[in-house]
1. Looking only at segment 125-171, filter to residues that are under 23 Å from Asn90 (Cα atoms) and not in a strand (DSSP E or B); which one of those is nearest to the chain's Cα centre (by Cα)?
2. As an exercise: evaluate Pro106 against (1) part of a strand (DSSP E or B); (2) modelled with pLDDT of 95 or more and give the number of the one condition it does not meet.
3. Being outside any strand (DSSP E or B) and open to solvent by less than 70 Å² (accessible area, probe 1.4 Å) is the filter here; which residues of segment 59-90 pass it?
4. State all residues of segment 42-67 that are more than 13 Å from Ala193 (Cβ to Cβ) and at pLDDT 95 or above; if no residue qualifies, say none.
Amino acid sequence: MFDRTTTRRLTLAAGFTALFLFAGTRPAQAQGFISPFYGYNFGGDAGCPEVLNCQDKRADYGVSFGAVGSIVGFEAELGYTKNFFGETSNQSSNVLTFMGNFMLAPKIGPVQPYGVAGLGLIRTSVEGVGISEDQNQVGWDLGGGLMVFFGAHFGLRGDVRYYHSFQILDFVHVPILGDLGLGGQKLDYGRAAAGVVFRF
């Protein structure tokens with residue numbers, strides 16, 4: 001768990017890295033993009049054990065932005081899940097991610113499949129009666145998907161990604177989360193999402 005100073009440094013470093021990578025791709029004829037998305041989490045510590053046939057879906061939404069050319073690109077992504085571990089009358093939780101990703105995205109006409117891999121911040125928060133805790137961890141993500149464009153500036157995308165923290169969560173003393181075994185293990189889950197893409 002990091003203190004506030006360390007968290008600020010991580011966030012600033014990630015932001016400057018994303019800005020540098022975004023700026024660095026423009027001369028290579030890459031196109032900038034912004035893509036709001038909406039999806040749900042599954043597997044690992046999420047409420048859904050599998051990506052399909054799940055009744056307890058937790059929405060994961062956010063936005064990504066970056067630049068991508070005909071083969072490679074870079075992306076910064078911000079995602080948020082409310083009540084990640086479930087909700088009770090006196091306790092709630094959420095998970096926020098901010099990732100900087102490298103993209104391998106060969107362009108095939110209007111279709112652009114892609115794979116992503118990167119590092120960033122995973123922030124886990126728990127609030128309840130007498131409880132207010134935040135844990136900031138460095139994590140990685142890995143995944144892939146497909147973008148389909150309808151003209152020069154608009155498209156749709158869908159992907160599946162996996163998120164994993166490097167550090168161990170320490171919520172063993174928090175009611176319900178301790179019962180779930182979230183003490184002494186690393187946060188781990190997948191996300192399936194779809195969104196729109198605006199290119200410029």
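1. Phe171
2. All conditions are met except number (1).
3. Step one: of segment 59-90, the residues outside any strand (DSSP E or B) are 69-71, 83-87, 89-90.
Within segment 59-90, Gly69, Asn83, Phe84, Phe85, Gly86 qualify.
4. Passing the criteria: Phe65, Gly66, Ala67.
The values are calculated or read from the model by the stated rules, or taken from the named source; none is laboratory data. Being a predicted model, the structure only gives us computed values, none of them experimental. Glycine gets a Cβ as well: all are built from the backbone with ideal geometry, and neighbour counts include every protein chain shown. Accessible surface areas use protein heavy atoms only, side chains included; no ligands, DNA or RNA. Shrake-Rupley method; radii C 1.70, N 1.55, O 1.52, S 1.80 Å.
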